[in-house]
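All of the numbers you see were taken from the coordinates with simple rules; none came from a lab. Everything numeric in this text was worked out from a predicted model, so none of it was measured. Note that we place each Cβ from the backbone using ideal geometry, even for glycine, and neighbour counts take in every protein chain shown.
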Amino acid sequence: MLTGINRLGDLEWEVPIGYVPDMRVPGRFFLSRALAETLEEGAVRQLANVATLPGIVKNSLAMPDIHWGYGFPIGGVAAFDMTEGVISPGGVGFDINCGVRLITTPLTEADLAGKKRELIERLFAAVPTGVGAKSTMRVSNKDLTGVMVDGARWAVERGLGTEVDLARCEGEGAMPGADPEAVSAKARQRGVPQLGTLGAGNHFLEVQVAREIVDPEAAKAFGVTEGQVCFMVHCGSRGLGHQVATDHLRALEGALAKYGIRLPDRQLACAPIASPEGRAYYGGMVCAANYAWANRQVIMHETRKVFANLFGIDYDEMRLIYDVAHNVAKFERHDVDGASMEVCVHRKGATRAFGPGAPGIPREYAAVGQPVIIPGSMGTSSFLLRGTATAMQKTWGSTCHGSGRVLSRTKAKKEVRGKELREHLAGEGILVRAHSDSALAEEAPEAYKPSREVVRVVHEAGLSNIVARLEPLGVIKG
């Protein structure tokens, strides 16, 4: 472990005030001894830098998938006072509302026998993937405005899903406060052709099997059973979200002097939440977040079509368990020293994990807590968990979002051969489809921390509890 960090427990660590100048609160992160070997000093410094921001409440936080990012570390969480606090694109990320949804099917692994390769090929044909992927949908500028305001509901109202889907999305698949005027013409231009596309990088569409049920009560509430075939969609707001972040970062960098904000790192560019610049960023960010929910809704619909046509099952037999966001800033009420307080919670590479009885989760899940979905990386397990009361107390109802990188994409491509990786995964029964071998190499399982260990930490720290473990059967990569 790095010098100057205090151990608070087996899995909890503190970055004390003074680790970097001008810290207002301590930093806290959750990590096992095994994962400590991958801890970057730069990520810890970023965690400490976040603690210098005006209006930060209680702690600057990071999850066990912590690694170096832009401004905030990836895996970072921070809440800000609504009056004195700030909002920062560095605390959200460029892929606004990158997120995950998990869908069950009535199939078992045996039902895929002899059809798995055809299934993967059909999915690859149905869902456009890659950096420049364009949708087969015709989306006008007027349609795009509707997407940015209504999110997943826009798709459902056009027959691409049901009202039940919306009830099982975080925030019912949309955030209030969208401001289409805060989205530039260039962002719109990038967003129009990409609705319903997977993108590149770590985004994926994965067919999985629920290999192990750990919490039978929660699994029953969520509707997942051992041996059940599921599929998982992981993607975000595509070029529109990236452009929104880029545009507003410039504006916020220019506003720092206006509000007398001094930063240890200009990547933390921010503005008071209620300022014109802060409101504009929030409104644009909400537009991008809603676009991402609509994007995942469309991809889910196209995937359901493939399963229905190939296996003769009905759409309503493919049940959305939940959809969670990773990169977003939200206005939420939390308990602060015994009093209810509204704060602006930034989650950057972190997942909401509200506990039992918390507001804002589906009524059918109220007794067990919000579903939490933590994806693996092609050859590694993904996990379904549930939110906890401990997370509400310690981390603003937040947990990890994935495994966390340990190799850059450039380094991964130097150390891994995509063709060999594909053949190796095929030997383990995992079929992978991508546009190029280099795309596979940069997302190799060894480029990430082990998902089992990351999830073990949040489970044992009480930030979210494991419900089921899912193994990959086939993967569509961007």
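Looking at Ala185, Met285, Val209, which one has the Cα that reaches farthest to the positive end of the dipole of segment 173-325 (charges on Cβ: Lys, Arg +1; Asp, Glu -1)? It is Ala185. Evaluated with a Cβ-only charge set (Lys, Arg +1; Asp, Glu -1), the chain carries a dipole of roughly 1040 debye about its Cα centre, given to the nearest 20. Using R0 = 35 Å, the C-beta based FRET efficiency linking Glu84 and Glu118 works out to 0.05. Segment 6-82 and segment 162-202 have Cα centres separated by 30 Å. A simple spin-label model places the labels of Ala125 and Glu37 4.5 nm from each other, with each point 7 Å out along Cα-to-Cβ. Working from label points 7 Å from Cα in the Cα-to-Cβ sense, the Glu217 to Asp22 distance is 4.8 nm.
Here the spin labels are modelled as points 7 Å beyond Cα on the Cα-Cβ line, and at Phe311 and Glu342 they lie 4.4 nm apart. Karplus-based coupling profile of segment 136-143, in residue order and whole Hz: 7, 6, 9, 10, 8, 4, 5, 4, with θ = phi - 60° in 6.51 cos²θ - 1.76 cosθ + 1.60 and x standing for Gly or Pro.
Cα-based values for segment 128-257, radius of gyration first and Dmax second, are 17.9, 58 Å. Given axes a ≥ b ≥ c from the Cα gyration tensor, I'd like to know whether segment 1-156 is rounded (a/c under 1.5), prolate (a/b larger than b/c) or oblate. Verdict is oblate for segment 1-156. The residues neighbouring Glu332, those whose beta-carbon lies less than 14 Å from its own, together hold a net charge of +1 under the Lys/Arg +1, Asp/Glu -1 convention.
For a straight C-alpha distance cut-off of 20 angstrom, the lysines reachable from Lys348 (same-chain residues fewer than eight places away being disregarded) are Lys58, Lys330, Lys394, Lys449. Multiplying the residue separation of Asp143 and Phe331 by 0.36 nm and subtracting their alpha-carbon distance yields 65.0 nm. Determine which residues of segment 253-276 fall in the zone a paramagnetic label at Thr246 would reach in this model, i.e. backbone nitrogen under 20 Å from the point 7 Å along Cα→Cβ. Residues 253-255, 266-270 fall inside that zone. Under 5 Å from the amide H of Arg211 lie the amide H atoms of Gly227, Arg469, Leu470, Glu471, each residue being 5 or more positions distant or on a separate chain, with H modelled from the backbone and absent for Pro and chain starts.
Can you check what the net charge comes to around Cys344, using other residues whose Cβ is under 10 Å from the Cβ of Cys344 (Lys, Arg +1; Asp, Glu -1)?
Numbers: positive: Lys330; negative: Asp81, Glu332, Glu342.
Computed value for this residue: -2.
Counting only lysines at least 8 places from Lys116 when in the same chain, those with an alpha carbon closer than 23 Å to its own are Lys305, Lys419, Lys477. Converting phi to 3J(HN,Hα) with the Karplus coefficients 6.51, -1.76 and 1.60 and the offset θ = phi - 60°, segment 242-248 yields 4, 5, 4, 4, 4, 4, 7 Hz in sequence order, with x at every glycine or proline. Applying the Karplus relation 6.51 cos²θ - 1.76 cosθ + 1.60 with θ = phi - 60° to segment 264-274 yields 3J(HN,Hα) values of x, 8, 5, 5, 8, 2, 7, 8, x, 4, 8 Hz, where x marks Gly and Pro.
For segment 295-420, rounded, prolate or oblate, judged on the Cα gyration tensor with a ≥ b ≥ c (square roots of eigenvalues), a/c < 1.5 rounded, else prolate if a/b > b/c? It would help to have the intermediate numbers written out before the result.
Details: a/c = 2.51, a/b = 1.28, b/c = 1.96.
Verdict is oblate for segment 295-420.
Listed by chain and number, the aspartates and glutamates whose C-alpha is less than 20 Å from the C-alpha of Lys142, apart from same-chain residues fewer than 8 away, are Asp150, Glu157, Asp179, Glu181.
When shorter helices are ignored and each DSSP H run of at least 4 residues is given -39500 (n - 2.57), the per-residue value for the chain at 222 nm works out to -9500 deg cm²/dmol.
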